[in-house]
Amino acid sequence: MMTKKDDSESRAESLLRRMTLREKIGQLMQCDRAEGNEDRIRGGSVGSVLNEADPDTVNRIQKIAVEESRLGIPLLIARDVIHGFRTLFPINPGLAATWNPELVEQGARIAALEAAATGVNWTLAPMVDIARDPRWGRIAESFGEDTCLTSVMGAAMVRGFQGEDLAAPGSIAACAKHFAGYGAAEGGRDYNSAHIPETLLRDVYLAPFKACVDEGVASFMSGFHDLNGIPCTGDAFLLRTVLKGEWQYPGFVISDYNSIQEMIIHGYCADDREAAEKAMTAGMDMEMASRVYETHLEALVSEGRLAPELIDDAVRRILGVKFRLGLFEDPYTDPAKFPAPLNAGHLAAARKTALQSAILLKNGTGALPLAPEVARLAVFGPMADDPHEQLGTWTFDRNIDDTVTPLQALRDYAGDAIRIDYLPVLEISRSTDRSDFSRAVALARESDAVLLFMGEEAIITGEAHCRADFSLPGAQEELIHELASCGTPLVLIIMAGRPLILDGVLDQVDSILFMFHPGTMGGPAIVDLLFGRESPSGKLPVTFPKMAGQVPIYYSHRNTGRPPVKEHFTHIDDIPVRAVQNSLGNESHYIDAGYEPRFVFGYGLSYTTFEYSDLQLSADGIGSEGALTVSALVTNTGSVEAEEVAQLYVRDLVASVVRPVRELKGFTRVRLKPGASMTVTFTLSAADLSFHNPRLEEVTEPGTFQVWIGGDSAGGLCGTFEFRD
Ligand code: BGC
């Protein structure tokens, strides 16, 4: 029986044979918006339109393409559906913080349904760039610093967007971006150069893209940046050797916005013509926004600079996706056939996801959950009642009236039972006007607890919005210090787009609940947590440093020849005056910040406590064939029912390339009643232990491995086993 894919390929092939070279080039062009491009669509000069998400407009332009162009080829309608469409889910680091791929898949499915209703058939997501630098604004679009977590979440998102069958109603094509290494931008400055040795590139940065390929992702997008000196848009190694060669990827690749033309600005191409030639030679199939393919490809082919087969290959890939999407059968949308956006099911999923994304960073005095007898609350801060900012970056299709803010949710919950005194104090996160500080202090004194909603506005995060100082902006820290002197319990709820430096306020507040911008239902999720209807269960997908100068800092670093030893650490203030330089005993740390981050990857507190015991390995070793089972008992030793994310890490002690001190290899979420226990079990095979050796072969080398099961990347129960070839 012929599979859907085979069928798409043969249909694409026969259509290709009927196309002129100009029509083929037309399929490679994506224009931004329909307005002014109607004649191009009619003339067969456009394959895709970006940024149209209105059903009437989409149906109108599809009709032009299908009924008025010579070959009637439907359009790919692309949109950045990044963390929801009308119903907004937490931004991607928040999704990762749930460590719950089922929720991520469900969220992507909901986003696909809401987007598809408008005629969008292609989302430019997921972004699976490894992001280890909080300065980089686009960390807000990432699943964080880890390869395993990003791979699992990226694949879950692809499944959610594309469903089992791309042609089914409500499925949209996904796009793995930004290939590759974009998150390693120098200094965390967006668009900047990435320098990544090939062993690291393959082990850390490419693996999540491969996971998306394995999940059947329909398209790829290249990065704006240069990787080791070659702009990714024109990088034949990435696109031809790895993606289309080694991985045998059947989908197509789109450039980033204007990035083919920007190869001139990089200093990689002299002019548009050279940019077109280099991009096509490298394997770039579709051009976003700029028009150098349209202007130059025909001549480059007729002059023999580009083989016609290269163009055919690109067109075949694009048509293949259009066939798989079923666009030739029906390119139109009828919103009435889709579930209503923001329906109760969608909102419940967004609320649950936001809830599981919340990370309890501190709860020293047990200020959370709020005591039942709380009768009067002071609610302050720029993020308490701002329906736009809590949604985060990339929210083109939202309507802010749909957002439920924490203040609204608190008022709904409290009714007349709790008096709420609300004052923003600071209008936005960057505000420095202190005129309401004294009023706030007076209200705080009269309250049972202060809930402070702070963080970052959406627009100071995301693309091109990088920060060298990533502490709480504006006068937020000062306000915390003022309020701390009141003696009223202070609960800080943060909504931000990146890890923040919190050392300036850590000892000033009783509790900190951190959320990456949580989306439409952030408010109700927060209220559920504040009042203990649920316990926080999110875990950090990225390390939080103490000081910005510690960046890059991530858990899966290498050991060095001089790893830090706690007892040897001498703080800058304690170093003897005029001491003599001496290299013995010196170790890898900062004399001011030390070597530890503020909060480690995988960290997150709960209203209960969990204990790990009874680590069991099914054998003392593993070979290239078998599998090793590693298990441990998790017990809820506290007094409330709660969820815990158990994490599995390994370390290869000796190898031909120095391996990280720990690497995440698995995780699972468990729900336990007080006093209850559950065994968590993970399976490791040789493939889980592999890496790229100096000859760039993927190998698992014989030797001893350590393995941990625990609740974060720093602790856990440790065992060892051997890998024997
Ligand atoms: C971003 C992409 C995005 C594209 C289209 C670019 O600026 O880098 O991630 O998909 O715009 O909106």
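The values are calculated or read from the model by the stated rules, or taken from the named source; none is laboratory data. Because the structure is a prediction, the values reported are computed rather than measured. Methodologically, a virtual Cβ is constructed for each residue, glycine included, from the backbone with ideal geometry; neighbour enumeration extends over all protein chains shown. Please note that ligands, DNA and RNA were not included when accessible areas were found on the heavy atoms of the full protein model with its side chains. Shrake-Rupley method; radii C 1.70, N 1.55, O 1.52, S 1.80 Å.
Key figures for this structure:
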| quantity | calculated |
| --- | --- |
| P(r) histogram, all alpha-carbon pairs of the stretch 4-337 included - 10 Å bins from 0, percent | 6, 28, 36, 24, 6, 0 |
| Cβ charges +1 (Lys, Arg) and -1 (Asp, Glu), total dipole of the stretch 204-310, debye | 200 |
| Beta bridge orientation in the chain: antiparallel %, DSSP, nearest 5 | 55 |
| Globularity index of the stretch 300-382, i.e. its alpha-carbon radius of gyration over 2.2 N^0.38 Å | 2.32 |
| Modelled FRET efficiency - R0 22 Å, GLU641 with ALA371, Cβ distances, 0.05 increments | 0.75 |
| Accessible surface, per residue, of the chain when the full set of protein chains is kept, probe 1.4 Å, Å² | 37 |
| The stretch 515-561: chymotrypsin sites (Phe, Trp or Tyr not before Pro) in DSSP loop, at most 12 other beta carbons within 10 Å | none |
| For the stretch 579-628 and the stretch 646-704, distance of Cα centres in Å | 13 |
| Alpha-carbon centroids, the stretch 238-293 and the stretch 537-569: separation in whole Å | 37 |
| Difference of contour (0.36 nm per residue) and Cα-Cα distance, ASP313 to ASP54 | 90.1 nm |
| Per-peptide average of other Cβ atoms within 10 Å, ordering 116-126, 182-192 highest first | 116-126, 182-192 |
| Of the chymotrypsin sites (Phe, Trp or Tyr not before Pro) in the stretch 563-659, those whose Cβ has at most 15 other Cβ within 10 Å and which sit in DSSP loop | PHE569 |
| Compactness of the chain - radius of gyration and Dmax, Cα, Å | 26.6, 83 |
| Sparse-neighbour loop sites [chymotrypsin sites (Phe, Trp or Tyr not before Pro); the stretch 321-427; at most 11 other C-beta within 10 Å; DSSP] | PHE396 |
| Beta bridge orientation in the stretch 4-337: antiparallel %, DSSP, nearest 5 | 15 |
| Computed lengthening from TYR590 to GLU198, 0.36 nm per intervening residue step minus Cα-Cα distance | 138.3 nm |
| Protection proxy ranking of 622-628, 275-281, 128-134 - average other beta-carbon atoms within 10 Å, highest first | 128-134, 275-281, 622-628 |
| Shape call, the stretch 85-238: gyration tensor on alpha carbons, a/c limit 1.5 | prolate |
| Of all DSSP beta bridges in the stretch 358-530, antiparallel share, percent nearest 5 | 15 |
| For the chain, size of Cβ-based charge dipole, Lys and Arg +1, Asp and Glu -1, in debye | 560 |
| Relative contact order of the chain, defined on C-alpha pairs under 8 angstrom at six or more residues apart (%) | 13 |
| Relative packing of peptides 357-370, 146-159 - highest average C-beta neighbours within 10 Å first | 146-159, 357-370 |
| Cα centroid of the stretch 160-232 to Cα centroid of the stretch 424-486, whole Å | 36 |
| Farthest positive-ward along the chain dipole, Cα basis, beta-carbon charges - from ILE418, GLY455, THR635 | THR635 |
| Residue pairs, from the table LYS63/LYS337; LYS177/LYS337; LYS24/LYS63; LYS210/LYS539, whose Cα atoms sit over 22 Å apart | LYS177/LYS337; LYS210/LYS539 |
| Accessible area of the chain belonging to carbon and sulfur atoms, whole % at 1.4 Å probe | 49 |
